[in-house]
1. Give the share of C-alpha pairs in each 10 angstrom bin for the protein assembly as shown, from 0 to the last occupied bin, in whole percents, shortest bins first.
2. Report the full-extension gain for the segment A:Val98 to A:Ser67: residue separation times 0.36 nm, less the Cα-Cα distance, to one decimal in nm.
3. Give the calculated FRET efficiency between B:Gln81 and A:Asp59 to the nearest 0.05, with a Förster radius of 35 Å applied to their Cβ-Cβ distance.
4. For A:Lys9, give me every one of the lysines with a C-alpha distance below 17 angstrom, ignoring sequence neighbours fewer than eight places off in its own chain.
5. Would you work out the charge dipole size for segment A:1-95 about its Cα centre, treating the Cβ of every Lys and Arg as +1 and the Cβ of every Asp and Glu as -1, and quote it to the nearest 20 debye?
6. Tell me the relative contact order for segment B:1-107 as a rounded percent, counting alpha carbon contacts under 8 Å between residues six or more apart.
7. Select from B:Thr68, B:Thr51, B:Thr40 the residue whose mean-square fluctuation is largest in a Gaussian network model of chain B (Cα-Cα springs shorter than 10 Å).
8. Probe 1.4 Å, all protein chains in place: accessible area of B:Glu39 in Å², nearest 10?
Amino acid sequence: DGGITQSPKYLFRKEGQNVTLSCEQNLNHDAMYWYRQDPGQGLRLIYYSQIVNDFQKGDIAEGYSVSREKKESFPLTVTSAQKNPTAFYLCASSIPQVRGNQPQHFGDGTRLSIL
Amino acid sequence: ILNVEQSPQSLHVQEGDSTNFTCSFPSSNFYALHWYRWETAKSPEALFVMTLNGDEKKKGRISATLNTKEGYSYLYIKGSQPEDSATYLCAFGGGGSQGNLIFGKGTKLSVKP
């Protein structure tokens with residue numbers, strides 16, 4: 001079955017530690033996205049990538065980094081510079097967008113908590 | 001700052017009731033309006049993507065309408081069933097970089113048997 005796999009489902013981070021969230025898709029989609037959800041808020045875009053080896057900052061990129069070395073994979077690193085990393089993180093993918101006209105396919109998410 | 005508002009925040013209905021929710025979005029620089037269904041412990045699932053003023057889409061008992069001139073979309077569920085219980089998200093596409101969507105906070109629907 002085609003889809004998006006996020007791992008791990010739950011992740012705990014110590015103060016000052018970087019952690020990496022995995023996102024893999026086998027839908028052959030060019031575009032991939034990372035969102036963050038906080039209680040009572042809508043999904044907010046962290047980073048997105050329209051093609052391999054290229055990515056752009058979203059609305060809340062500070063304290064995060066990404067890479068896109070393979071079409072299938074778009075890992076997100078939450079760095080120690082992100083002061084409030086506790087949140088639910090969703091990865092998504094789509095075929096190439098023209099001004100947001102394509103549906104996005106989502107993974108099941110990773111819940112990150114601070115120890 | 002672009003803002004997408006959804007109302008109500010939550011809704012409790014009985015099985016068999018019909019219901020509707022609203023998504024309000026900026027009426028300028030419109031390109032697309034998305035609806036997603038997000039069941040607990042699952043991933044959000046795309047319901048509709050609408051791009052033209054006056055668009056109406058239907059999927060089983062769920063339908064959606066779009067008014068880009070006044071900046072709103074309605075989602076209707078006819079004869080709600082317990083399996084319709086979920087959070088319904090709308091997302092506005094327009095004005096930003098390619099592919100960026102602005103999401104509302106969602107409407108949480110609970111359908112009692």
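The values are calculated or read from the model by the stated rules, or taken from the named source; none is laboratory data. Fair warning: this is a prediction, and the values are worked out from it, not measured in the lab. Quick reminder, even Gly has a Cβ in these numbers, built from the backbone with ideal geometry, and neighbours come from all protein chains shown. These area figures cover heavy atoms from the full protein model, side chains too; ligands, DNA and RNA do not enter into them. Shrake-Rupley method; radii C 1.70, N 1.55, O 1.52, S 1.80 Å.
1. Distribution as computed: 8, 33, 35, 20, 4, 0 percent.
2. 8.9 nm
3. Plugging the Cβ-Cβ distance into 1/(1 + (r/R0)^6) gives 0.45.
4. B:Lys42
5. That gives segment A:1-95 a dipole magnitude of about 260 debye.
6. Relative contact order, segment B:1-107: 36 percent.
7. Per the Cα network of chain B with a 10 Å cutoff, B:Thr40 tops the list.
8. 50 Å²
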